[in-house]
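Every read-out reported here was derived from the displayed coordinates using simple, explicitly stated rules and does not represent laboratory data. These figures come from a predicted structure and were not determined experimentally. Glycine gets a Cβ as well: all are built from the backbone with ideal geometry, and neighbour counts include every protein chain shown.
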Amino acid sequence: MLHNTLLGALGTPEIAVILVVVLLLFGGKKIPELMSGLGKGIREFNNGKDGVEDPAEKSEGTNSNQPK
């Protein structure tokens, strides 16, 4: 059986051409911003998937103004 996937069909020259085209389209200054946004999105997705809650949401449930 021949399993021909997208990444398996791409060699080093093809990946280099894709990177050059991306660099030309977005420019050198925009790429770090795009990667930063992508990283934040992946981090938020993984936190949501793992059930990690935001610390601000946890503090809303406790009321520190109650008398002791």
| field | Estimated distance in nm for a label pair at Asn47 and Leu23, the labels positioned 7 Å out from Cα along Cα-to-Cβ | value | 3.3
| remark: Distance in nm between Ile15 and Met35 label points, each 7 Å along Cα→Cβ, equals 1.4
